[in-house]
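Each value in this text was obtained by applying a stated rule to the coordinates, not by laboratory testing. Quantities reported herein were computed from a predicted structural model and do not represent experimental measurements. Cβ sites come from the backbone with ideal geometry, for glycine too, and all protein chains shown count toward neighbours.
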Amino acid sequence: VSAEFQRLLPTLVKGGVDSILVGGVAGIVHGSARMTYDVDLVYSRSDENISRLVKVLAPHTPYLRDAPEGLPFTWDVKTIRSGLNFTLTTGLGDLDLFGEVIGGGSYDDLLPHSLEVEAFGVRFRCVDLPTLIHIKAAAGRAKDREALAELRVLLEEQNKR
Amino acid sequence: MKATSEQAKIESLMRDVDRTLLRENLKLTPAQRLEKFVNVARFTSELRRAGERMRRRAVQTAKA
């Protein structure tokens with residue numbers, strides 16, 4: 001995780017980008033003790049939001065992560081509209097942007113299953129723990145098994161409180 | 001059948017989760033959890049850089 005990570009969410013929030021935190025960092029918000037190295041966000045695919053997203057991240061030179069050198073990639077509205085999910089490296093750290101996630105759907109689908117969190121001087125939305133578990137389980141990846149087990153234990157511990 | 005087997009694997013892994021770490025994290029606010037994460041991330045980044053410096057020095061020493 002880049003040392004600039006703590007600037008990433010405030011930058012997006014202050015730029016008016018509608019997004020919901022999912023993935024490992026969302027797990028940390030809920031109490032996970034697992035380390036993660038990128039930030040996963042589901043972003044709204046509305047035209048206005050895509051324009052804001054492009055504007056806000058442009059100064060931080062987003063580029064496709066692990067792309068072959070010289071691969072043409074232009075960070076603009078057309079590129080974002082033409083694609084859906086992007087794994088990026090940026091000056092603010094590694095960032096995965098999802099138009100949709102398996103088991104969770106789009107930003108609009110996830111919104112009712114998200115909570116407002118305050119950190120780094122801003123308020124942003126984070127997927128709730130049951131939905132995060134559902135998304136991880138739906139992905140069905142072997143590498144997620146330990147994380148999924150931890151999230152389920154977290155839910156048990158939270159329910160005891 | 002496949003789902004049941006997957007479920008059994010997850011339940012087996014749940015037995016190995018260190019609940020003490022989670023209980024400590026649950027005492028914190030979400031903002032404090034994220035601050036702790038950033039501090040751990042800084043610590044691991046520094047260790048990674050130290051490791052890279054050490055490997056570079058080892059290569060230079062071997063060449064000398």
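Exposure proxy shown here: for B:Phe43, A:Phe5, the number of other Cβ atoms within 10 Å sets the order, fewest to most, as B:Phe43, A:Phe5.
Averaged over peptide A:29-41, the number of partner chain Cβ atoms lying within 10 Å of each residue's Cβ comes to 4. Other residues whose C-beta falls under 13 angstrom from the C-beta of A:Ser44 contribute a net charge of -2, scoring Lys and Arg +1 and Asp and Glu -1. Restricting the trypsin sites (Lys or Arg not before Pro) of chain B to loop positions (DSSP other than H, G, I, E, B) with no more than 14 neighbouring Cβ atoms within 10 Å leaves B:Arg15, B:Lys27.
Over the residues of chain A, the helix contribution to mean residue ellipticity at 222 nm works out to -11500 deg cm²/dmol, using -39500 (n - 2.57) for each DSSP H run of at least 4. Karplus-derived 3J(HN,Hα) values for the stretch A:49-60, using 6.51 cos²θ - 1.76 cosθ + 1.60 with θ = phi - 60°, are 5, 4, 4, 5, 4, 4, 5, 5, 8, 3, x, 9 Hz; glycine and proline are entered as x. Projecting the Cα atoms of B:Ala31, B:Leu21, B:Ala58 onto the dipole axis of chain B, where Lys and Arg carry +1 and Asp and Glu carry -1 at the beta carbon, places B:Ala58 farthest toward the positive end. The A:Ser46 and B:Thr20 beta-carbon pair, evaluated with R₀ = 35 Å, returns a calculated FRET efficiency of approximately 0.20.
When A:Asp38, A:Asp47 are sorted by how many other C-beta atoms sit within 10 angstrom of their C-beta, beginning with the fewest, the order is A:Asp47, A:Asp38.
Here is the link list: A:Lys136/B:Lys9; A:Lys160/B:Lys27; A:Lys143/B:Lys27; A:Lys14/A:Lys55; A:Lys14/A:Lys143. Which ones come out longer than 22 Å on Cα distance?
Pairs exceeding 22 Å: A:Lys143/B:Lys27; A:Lys14/A:Lys143.
Once you list every other residue whose beta carbon is under 13 Å from the beta carbon of A:Val101, what net charge do they have if Lys and Arg are +1 and Asp and Glu are -1? That works out to -3. By the count of neighbouring beta-carbon atoms within 10 Å, fewest first, A:Thr131, B:Thr44 end up ordered B:Thr44, A:Thr131.
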